[in-house]
Amino acid sequence: MFSLVPLLVLFPLAGFAVNALFGRRLGGNRAGLLAVTASAASFVIALTQFVALAGNGFKPVTVPFATWLRVGELRVEWAFLVDTLSVTMMLVVTGVGTLIHIYALGYMREDVRHNGDEGRYARFFVYLNLFLATMLLLVSGDSFLTMFVGWEGVGLCSYLLIGFWFEKGEGGLGNARAAMKAFVVNRLGDFGLMLAMFLIFWTFGSLTFAVVFSRMETARFEPWLLTAITLLLLLGATGKSAQLPLYVWLPDAMAGPTPVSALIHAATMVTAGIYMIARTHVLFEAAPLSADVVAWVGATTALFAATIAIAQNDIKRVLAYSTISQLGFMIAAVGLGAYVAGMFHLVTHAFFKALLFLGAGSVIQAVERGAHHTHDHADPQDMRHLGGLWGRLPVTQWTYLIGALALAGLPPLSGFFSKDEILLDAFEHNLPIFIILLVAAFFTAFYMGRQLLMVFFGRPRSEAAAHATESPPVITLPLIALAVLSVAGGVLNLPQFGEEGYAGALAFKNWLGYTLGKEEAPLFNWMVAGLATVLALAGLALAYAVYRRAYVTAADRDPLESPVFNLLRNKWYVDELYGALFVRPFDTLAQLTARALDLGGVDMTFNNLGELAKQLAGRLSRFQFGYARGYALVMFLGVVALLAFFFVVR
């Protein structure tokens, strides 16, 4: 069954190719179904790899596919690495990705109609299948080089999907700018990854994971070199996984359609950095300084983003900053050496964050349907214009509540088990980081409580919200499936309550142990779990106390309105700071360069050449006098001149 693994990538690539070439001829419905079928087929292949590993004693297997490059003795192969880490990512990407594809069948049908261009329906699924294929290539390749191809591929697809409605947004350019911002910021992180790859090849003579890790003990290199490599890898991770200081692209990525937001935040792209650090854990374990930096970057990002989420009013932007914060939890975990805890939270987060984004999309379209009937032009993403949706959206409301409580970390939902495991590792290895993450967890519960109250409770604050209707089954059924996973996902890695353990305890830890090594299993800590639960309940209770009677109308002031709240609402003015330090100086430099080199150099040179050609043509045109006898005379004189020339030469 291992030989089937190339189909994991080939199925969505085939869906991409067929829809790209024949999507318009197939029609929107067939194009969408083809994309869903390709994604579901990849999920089946991922399941076969799970079964094959189980039958193989969980031993890693490399499956060669083709020779990519051969120069002298250098030979680069396209090959797939099948181990417990890659199969975990395969199952998450294809499983959650397929549910998002199904959801998109219904969501995009209304979205293209709402935006007035139904011809883009098939194009959306072209990009979505390509996104899935490149992410699968990233997580299944057996080398840094193959991973890098997928790494760049998801960057390209994010650009295409964030800017899907490129002519929309502020000033008709807002979405295009958001896509460009994501592309440029990620290139900064990618530059770090490229430098790390150069150093790895220089040091170990290979970019294949197995070869590099096996040569760790025999290769001779300066200790600083490994620190440099791992810090550059971290720079790459901060770009893809939206950590300080390169997180600024992810909130603006909300410009893309909601299925794109779900795919980026839950199943693809932003999880790439955590996967990459887990995959290269051997390098980070040998560079403790870098591992400490990773942990601190993750912890500070978790708290920083959580504070911003408190003050946002856009339903998707709250979730975007929540994703940045939760990714911070994962980065902190892998920095502390708790690779299983970080990956476990990656999996459960994929369940409930996909659920929340897709639920937000269901809310947005429900309000848009209400606006269509009432001609109310209230912003369906602005939570101040919502409210009163409880009872109007019977499926969306309950599934969204489950996702919100899972994110808040309440037992027995999946988020409680995965977040508690990270907190426990932080408690045992780095107390300051533990405290920072606890505060971030409290803020998480608070802003999710605030969002629930503003969106679903109270009275409708717009006519559109008052006439909102539930989404069709093609949208709600994926919500139900993700809600089930958000409830039951904790079963994947139930904690060990006693020394002897019990059947099913730490199953995920034992599974990943075949790839990441056997970590010491900490016993369940009732104090840490109890403290985290109390803080989550306190955050929800505080949100209820502050917002239960807030926003009677959309124009009401926020109960927390203050200079500090405005600072958080304006995202600590980081975008403005980056604009002053980097964007505007480069814009000015680009304008000066354009004037000096383009207008004053290239344009002037070719304009002058054009003028010279024009003047020369004008003078030569005098010989075009239009009389046959004149042309005959010129030809005769030319022949005489040539004969005279040859006569003189001879």
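The values are calculated or read from the model by the stated rules, or taken from the named source; none is laboratory data. Quantities reported herein were computed from a predicted structural model and do not represent experimental measurements. Here the Cβ is made from the backbone with ideal geometry for all residues, glycine too, and neighbour counts use every protein chain on show. Ligands, DNA and RNA are excluded from the accessible area calculation, which covers all protein heavy atoms including side chains. Shrake-Rupley method; radii C 1.70, N 1.55, O 1.52, S 1.80 Å.
By per-residue mean of other Cβ atoms within 10 Å, what is the highest-first order of 85-98, 551-564? Can you show the working numbers first?
Numbers: 85-98: 25.2, 551-564: 12.8.
Output ranking for 85-98, 551-564: 85-98, 551-564.
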To the nearest whole percent, what portion of all C-alpha pairs in the chain is separated by more than 47 angstrom? 22 percent
Put a dot 7 Å past each Cα toward the Cβ at residue 614 and residue 507; how far apart are the dots in nm? 7.9 nm
Got a sec? Which residues in region 270-293 would a label at residue 574 touch, if it sits 7 Å along Cα→Cβ and we count backbone N under 18 Å? 270-274, 293
Excluding residue 271 itself, what net charge comes from residues whose Cβ is under 15 Å from its Cβ, given Lys and Arg +1 and Asp and Glu -1? +3
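Please work out the average accessible area per residue across the chain, using the 1.4 Å probe convention, and give it in Å².
Accessible area per residue, the chain: 43 Å².
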Principal-axis tilt of helix 507-516 within the chain, Cα atoms, nearest 10 degrees: 40 degrees
By how many degrees, between 0 and 90 and to the nearest 10, does the Cα long axis of helix 339-374 differ from the longest principal axis of the chain? 80 degrees
On full extension of the chain, what length is gained from residue 474 through residue 156, given 0.36 nm per residue of separation minus the C-alpha to C-alpha distance? 111.7 nm
Taking 25 °C and 0.890 mPa s as the conditions, I'd like the Stokes-Einstein D for region 1-63 in µm²/s, using the Kirkwood hydrodynamic radius from alpha carbon pairs. 192 µm²/s
Give me the base-10 log of I(q)/I(0) for region 351-427 at each q in 0.12, 0.13, 0.19, 0.28 Å⁻¹, Debye formula, one uniform scatterer per Cα, rounded to two decimals. -0.43, -0.49, -0.81, -1.27
Helix-only [θ] at 222 nm, the chain, -39500 (n - 2.57) per DSSP H run of 4+, per residue, nearest 500, equals -23000 deg cm²/dmol
Below 14 angstrom from the Cβ of residue 472, what's the summed charge of the other residues (Lys, Arg +1; Asp, Glu -1)? -1
What pairs in 181/353; 316/571; 509/571; 59/353; 168/419; 181/571 have C-alpha atoms more than 26 Å from each other? 509/571; 59/353; 168/419
Can you give me the distance in nm between label points at residue 518 and residue 114, each placed 7 Å from the Cα along the Cα-to-Cβ direction? 5.3 nm
So, counting K/R as plus one and D/E as minus one, what does the shell of residues with Cβ under 15 Å around residue 337 add up to? -4
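Keeping the other protein chains in place, figure out the carbon and sulfur percent of the accessible area of the chain, with a 1.4 Å probe.
Whole-percent figure for carbon plus sulfur exposure: 67.
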Which chymotrypsin sites (Phe, Trp or Tyr not before Pro) in region 427-535 sit in a loop by DSSP (not H, G, I, E or B) and have at most 11 other Cβ atoms within 10 Å of their own Cβ? 502
